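The values are calculated or read from the model by the stated rules, or taken from the named source; none is laboratory data. Predicted model, so just to flag it, every value in this text is computed and none were measured. Ligands, DNA and RNA are stripped out before the accessible areas are found, and what is left, the full protein with its side chains, is counted by its heavy atoms. Shrake-Rupley method; radii C 1.70, N 1.55, O 1.52, S 1.80 Å.
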Amino acid sequence: MRLDEAIDYALGETEPDTVTDASPLSRRESEVAKLVAAGMSNRRIGERLYLSERTVEGHVERIRNKLGVRSRTGVATWAVEHGFMVDPTAELGVASKGGAHDGLPAGRR
């Protein structure tokens, strides 16, 4: 477990496992990346995941560093390229890769 994953785990913000498919991101970071790709602000992501805006800022910064990108747009591009999609209107949780809540109308899947 890397230091940032251990810190997230100690703070109760993530599970000790990382996301499958060899993603460099922790489970929580993947959730945040999906919501960044959906166009949500840090404040809205925090509301959605019950985190403070500052905690989300920290996640986004770590995601950018891990992916080697300089902007939220880079994070969003990476997330879309790797199949991470989310339905921003869903009430609870974050959809996984390309599931029933992939953000597309049923007729367009």
**Item:** For segment 19-63: accessible area per residue (Å², 1.4 Å)
**Value:** 46 Å²
**Request:** Return, for the Cα atoms of segment 34-83, the radius of gyration and Dmax in Å, separated by a comma.
**Result:** 10.3, 28
**Request:** In whole Hz, with x marking every Gly and Pro, tabulate ³J(HN,Hα) for segment 30-43 from phi via Karplus 6.51 cos²θ - 1.76 cosθ + 1.60, θ = phi - 60°.
**Result:** 5, 4, 5, 4, 4, 6, 4, 4, 7, x, 7, 6, 4, 4
